[in-house]
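Participant: Below is the structure I would like to discuss, written out as structure tokens.
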Amino acid sequence: MNFKVYSKEGKELRTIDLDNNVFGLPVNEDLIWYAINNELANRRQGSACTKGRAEIHGSNARPFKQKGTGRARQGDKKSPILVGGGTIFGPKPRDFSYSMPKKAKRLALKTILSLKAQSDILKVIEDFSVESGKTKDLAGLLDNFKNAGFEPGLRTVLILKDDDPMLKRAAANIPWLKYLSYNRLEAHELFYGRQVIILETAVKKLNEFYNEREAGQ
């Protein structure tokens, strides 16, 4: 699959070959759903905690005498039916995370990349960096991509070719921009991104990365 490569000024430069094994797969909606829910479950803290009847601090004495009051019998003030009492079947700290098969996870990510490529949401840009690490410099670069059909302000994912600390620093203050490294993609961010920008070298590395993983299983 051939894709246009745009310059930092938003002009067409050349074409690049996108591996069909990474960017040309049929969309598997079930697998995408599974991968996204797996990521969201693994992010959950699971720290919610309530106190049961036995954990409430208070007297074990009856709040009033057993007979003669005309009221229902009460064992103590820690009863769940009284204000301030324990919670019935309340949440306790737990681990919501679970593992997903590596092959299924890789296939889900490749499926999402294929979906973005087939929907013409994906744009390939020549390699660039922000030496100053300033947000305004990166914002100026992104404005240049309007000529390539890019719309600033839409939820955007930028796929990097390596760990570029200055580029990450510049991107951190743009609320609608999320950066991901080519070898640490996230299904949730990638799927819900309305625009995907991939650096030219990142495309080549994605082709190599997933083909090597497939070869090694």
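The values are calculated or read from the model by the stated rules, or taken from the named source; none is laboratory data. Bear in mind that the values here come from a model prediction, so they are computed numbers and not experimental data. Cβ placement follows ideal geometry from the backbone for every residue including glycine, while neighbour counts extend to all protein chains displayed. We work out accessible area using only protein heavy atoms, side chains counted, and drop any ligands, DNA or RNA first. Shrake-Rupley method; radii C 1.70, N 1.55, O 1.52, S 1.80 Å.
Participant: I need the full set of residues from segment 42-57 which are part of a loop (DSSP other than H, G, I, E, B) and either exposed (fewer than 10 other Cβ atoms within 10 Å of the Cβ) or on the phi < 0 side of the Ramachandran plot (or both), in order please.
Facilitator: Result: Arg44, Gln45, Ser47, Ala48, Cys49, Thr50, Lys51, Gly52, Ile56, His57.
Participant: Right, next: If I go through segment 60-116 residue by residue, how many of them are in a loop (DSSP other than H, G, I, E, B) and within 30 Å of Val196 (Cα to Cα)?
Facilitator: As a first pass, look at segment 60-116 and keep what is in a loop (DSSP other than H, G, I, E, B): 60-101.
Okay, now just the ones that are also within 30 Å of Val196 (Cα to Cα), so 96-101.
Of the residues in that region, 6 qualify.
Participant: Could you please find all residues in segment 153-198 being assigned to a loop (DSSP other than H, G, I, E, B), open to solvent by less than 30 Å² (accessible area, probe 1.4 Å) and either within 20 Å of Lys134 (Cα to Cα) or among the β-branched types (Val, Ile, Thr) (or both)? Break it down stepwise before answering.
Facilitator: Step one: filter segment 153-198 for residues assigned to a loop (DSSP other than H, G, I, E, B), giving 153-155, 161-164, 172-176, 182-186, 193-194.
From what's left, open to solvent by less than 30 Å² (accessible area, probe 1.4 Å): 164, 174, 185, 193.
Those that are assigned to a loop (DSSP other than H, G, I, E, B), open to solvent by less than 30 Å² (accessible area, probe 1.4 Å) and either within 20 Å of Lys134 (Cα to Cα) or among the β-branched types (Val, Ile, Thr) (or both): Asp164, Ile174.
Participant: With (1) open to solvent by 60 Å² or more (accessible area, probe 1.4 Å); (2) assigned to a loop (DSSP other than H, G, I, E, B); (3) under 20 Å from Lys4 (Cα atoms) as the list, and Phe150 as the residue in question, which single condition is left unmet?
Facilitator: Of everything listed in (1) open to solvent by 60 Å² or more (accessible area, probe 1.4 Å); (2) assigned to a loop (DSSP other than H, G, I, E, B); (3) under 20 Å from Lys4 (Cα atoms), Phe150 misses just condition (1).
Participant: Right, here's the next one. Which residue, of Gly140, Gly153, Gly149, is closer than 18 Å to Glu9 by Cβ, touching a residue at least 12 places away in the same chain (Cβ under 8 Å), among the small types (Gly, Ala, Ser) and out of contact with any helix residue (DSSP H, G or I) (no Cβ under 9 Å at 6 or more places or on another chain)? So that I can check it myself, show each step before the final result.
Facilitator: Numbers: Gly140 fails: touching a residue at least 12 places away in the same chain (Cβ under 8 Å); Gly153 fails: closer than 18 Å to Glu9 by Cβ.
Among Gly140, Gly153, Gly149, only Gly149 is closer than 18 Å to Glu9 by Cβ, touching a residue at least 12 places away in the same chain (Cβ under 8 Å), among the small types (Gly, Ala, Ser) and out of contact with any helix residue (DSSP H, G or I) (no Cβ under 9 Å at 6 or more places or on another chain).
Participant: Out of the residues in segment 9-22 that are assigned to a loop (DSSP other than H, G, I, E, B) and either open to solvent by 70 Å² or more (accessible area, probe 1.4 Å) or modelled with pLDDT under 85 (or both), state the one that is nearest to Ala148 (Cα to Cα).
Facilitator: Residues of segment 9-22 assigned to a loop (DSSP other than H, G, I, E, B): 9-11, 18-19.
From the residues that got through so far, the ones that are either open to solvent by 70 Å² or more (accessible area, probe 1.4 Å) or modelled with pLDDT under 85 (or both) too are 9-11.
Working: Glu9: 9, Gly10: 5, Lys11: 7 Å.
Only one residue tops the list, namely Gly10.
Participant: Right, here's the next one. All but one of (1) surrounded by fewer than 20 Cβ atoms within 10 Å (Cβ to Cβ); (2) in a loop (DSSP other than H, G, I, E, B) hold for Lys204; state the number of the condition that does not hold.
Facilitator: Of the numbered conditions (1) surrounded by fewer than 20 Cβ atoms within 10 Å (Cβ to Cβ); (2) in a loop (DSSP other than H, G, I, E, B), the odd one out for Lys204 is (2).
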